[in-house]
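These notes concern the structure reproduced below.
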Amino acid sequence: MSDGRPARILARAVVVDLDDTLFDHRESARRGLARLIHELGGTATAEIIDTAEMTAERLMGRRRAGEIGRADYRRLRIRHLLADIDQRLEAGRLEDEQCDLLYERFLEVYEEEWVGFADAVPVLRGLHDRRIPVAVLTNGPEERQQRKARVLDLEPWALGVWTSERLAAKKPEASTYLTVCGALGIEPGAVLHIGDNVEHDLHGARAAGLQALHLDRGQAFAESSQRITTLDAVLGML
């Protein structure tokens, strides 16, 4: 924290985000990309994987802006990746169906490489040992997010995973946090919410009446009493 000493938090339960908080999407995606590149006969250098990440981010920006659709986003990612693997390859000539198959293969190996952050299970276990109930609240599809929790072995330490699909609402809508608090049987003011997204996991949770901490693993934000840079820091604050 800003004064070098963790502030004490009085909370009877903890709600934790999943993606980029417990689940390491970036590392999982990089591992999946490395496998796909190897299958395509390329060498998975850090430069190629870094470029693929930047391309995905740029294309996602275009998709959010409505410039391209889901199918174009996926096909362009594959075409750019193939061109990066072999500059001589005329990836633009690749049939859409071939791009679709390669993207599906990427999703397969990405999911096979799902990994959690090293502090995820130890922190949930530590909270469990202190008899502090834990719930997971995530924006995402029900089946996929529940599967992530199983793959990462979160289930023994959390009372449940609540998804935006299941709740028919997304963070930062107040109803998402309040529904989970209600399921825990604990008033919002006595619940601590932790996550990586400032809008969803800090401001949204606080607006709904919960206590909240922003998990800033990349240390991209200024120090504050509401910021932690590792998940295990919370164990010294409760």
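The values are calculated or read from the model by the stated rules, or taken from the named source; none is laboratory data. Computed from a predicted model, the values in this text were never measured in an experiment. Using ideal geometry, Cβ is built from the backbone for each residue, glycine included, and neighbour counts are taken over all protein chains shown. Calculation scope for accessible area: heavy atoms of the full protein, side chains included, ligands and nucleic acids excluded. Shrake-Rupley method; radii C 1.70, N 1.55, O 1.52, S 1.80 Å.
Close contacts from region 35-49, counting a first residue that is within 13 Å of ASP86 (Cβ to Cβ) and a second that is of a type in the set (Ser, Thr, Tyr) and open to solvent by 60 Å² or more (accessible area, probe 1.4 Å), with Cβ to Cβ under 7 Å and a gap of 6+ residues or different chains, come to none at all. With respect to the stated conditions, THR138 fails to be free of Cβ contacts under 8 Å to residues at least 24 places away in the same chain, among the β-branched types (Val, Ile, Thr) and within 16 Å of PHE23 (Cα to Cα).
Tallying residues that are basic (Lys, Arg) and modelled with pLDDT of 95 or more within region 8-22 yields 1.
Restricted to region 187-207, and to residues there that are under 17 Å from ILE9 (Cβ atoms) and free of Cβ contacts under 8 Å to residues at least 40 places away in the same chain, the residue that is surrounded by the fewest Cβ atoms within 10 Å (Cβ to Cβ) is GLY189.
Quick check on region 208-226: of everything there that is at pLDDT below 95 and open to solvent by less than 60 Å² (accessible area, probe 1.4 Å), which residue is nearest to VAL161 (Cα to Cα)? The qualifying residue nearest to VAL161 (Cα to Cα) is GLN226.
From the set of residues in region 182-227 that are touching a Pro at 6+ places or on another chain (Cβ under 8 Å) and hydrophobic (A, V, I, L, M, F, W, C), which is nearest to PRO172 (Cα to Cα)?
Checked region 182-227; the qualifying residue nearest to PRO172 (Cα to Cα) is ALA205.
Within region 109-120, residues that are in contact (Cβ under 8 Å) with a residue 40 or more places away in the chain sit with their Cβ atoms under 9 Å from residues that are buried (at least 18 other Cβ atoms within 10 Å of the Cβ) and in a strand (DSSP E or B), at 6+ positions apart or across chains, in these pairs: TRP114/PHE23; VAL115/PHE23; GLY116/PHE23; PHE117/PHE23; ALA120/VAL16; ALA120/PHE23. Residue pairs whose Cβ atoms lie under 9 Å apart, sitting 6 or more positions apart in sequence or on different chains, and linking a residue in region 150-162 that is under 17 Å from ALA118 (Cβ atoms) to a partner that is open to solvent by 70 Å² or more (accessible area, probe 1.4 Å), are TRP157/ARG125; TRP157/HIS128. Only a single criterion out of (1) touching an Asp or Glu at 6+ places or on another chain (Cβ under 8 Å); (2) open to solvent by less than 50 Å² (accessible area, probe 1.4 Å); (3) farther than 20 Å from LEU127 by Cα is not satisfied by THR176, namely (1).
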